[in-house]
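S.K.: Encoded as structure tokens, here's the structure I'll be asking about.
We did not get these values from a lab; they are worked out from the coordinates using the rules stated. All values derive from a computational prediction rather than experimental measurement. Note that each Cβ is placed from the backbone with ideal geometry, even for glycine, and that neighbours are counted across all protein chains shown.
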Amino acid sequence: MNQTQQNQTNRTKWAVFTAATLGYGLFYVCRLSLNVVKKPIVDTGYLTETELGIIGSALFFSYAIGKFVNGFLADRVNVRYLMAGGLLIATLVNAALGFAVPFWAFVILWAVNGWFQSVGGPCALNRWFTEKERGTVYGFWSASHNIGEALTFIFTSFIVGALGWQWGFMSAACLGAAGVALIFIFLKPAPPEWKAIPSDSAEKQTASSVKSKQLEVLKS
């Protein structure tokens, strides 16, 4: 690899890091939107505190199961499409909730949000950064949680205060849409050296290796 190619790879690597960090932060915006609008929702009589508790539980259950299932799926698919697709669904859920849907639909939609929230993560970073770099990189990536919380409790809260609780979901959807574009454009699943098309035997060996490691995880 010549110097020009190396420079391009380095630029792409840090674009991937930025997309993974900001993109995952925007997953949080689409997850925490409910936290910001709880009080005005109860104050307006749209939902009760008990109903909000059921809705919140629906996300946690679907998120927990989704993390288990989608963690295995992420080893087998293009992580850019997986992560962008997950955030797109979370974005659409938030947009739908801005239209004041019935309680039962709210529960289902928020559970769907939890499932697709579970596909977010720094999957691609392992392929772009060496073992020596990963500790530092993952340390900085963990700031994505704080970025998401800051955007939620500053930007979304301001919108809710100015326009009402429904716009809390709408504003989260707008930020989520920006995250979908960011991930889809910049989150490359692997550096150029990973993109050589392997032989049939190599593909089978790789698939077998992934399967055996996943079975080991299940056993433990």
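S.K.: Listed highest first by mean packing, meaning other Cβ atoms within 10 Å per residue, what order do 85-97, 136-148 come in?
M.R.: By packing density, highest mean first, the sequence is 85-97, 136-148.
S.K.: Another question, then. Please report the net charge: other residues with Cβ closer than 13 Å to the Cβ of PHE106, K and R +1, D and E -1.
M.R.: 0
S.K.: Show me the ranking of peptides 47-55, 161-169 by mean Cβ neighbours inside 10 Å, starting with the highest. Could you put the intermediate results ahead of the total?
M.R.: Working: 47-55: 14.3, 161-169: 18.2.
Taking the mean over residues of other Cβ atoms within 10 Å, the ranking is 161-169, 47-55.
S.K.: Give the shape of the range 125-195 as rounded, prolate or oblate, defined through the alpha-carbon gyration tensor: a ≥ b ≥ c are the square roots of its eigenvalues, a/c under 1.5 means rounded, and otherwise the shape is prolate if a/b is larger than b/c and oblate if not. Display every interim value, and only then the final one.
M.R.: On the way: a/c = 6.40, a/b = 2.11, b/c = 3.04.
The shape class here is oblate.
S.K.: A further question follows. Using a Förster distance of 41 Å, how high is the FRET efficiency between PHE158 and GLU216, based on the Cβ-Cβ distance and rounded to 0.05?
M.R.: After rounding to 0.05, the efficiency reads 0.30.
S.K.: Still on this structure, please answer the following. In the calculated pair distance distribution of the range 1-116, what percentage of Cα-Cα distances lie above 16 Å?
M.R.: The proportion of pairs with Cα distances above 16 Å equals 66 percent.
S.K.: List the trypsin sites (Lys or Arg not before Pro) within the range 71-167 that DSSP assigns to loop and that have no more than 16 neighbouring Cβ atoms inside 10 Å.
M.R.: Answer by residue number: ARG76.
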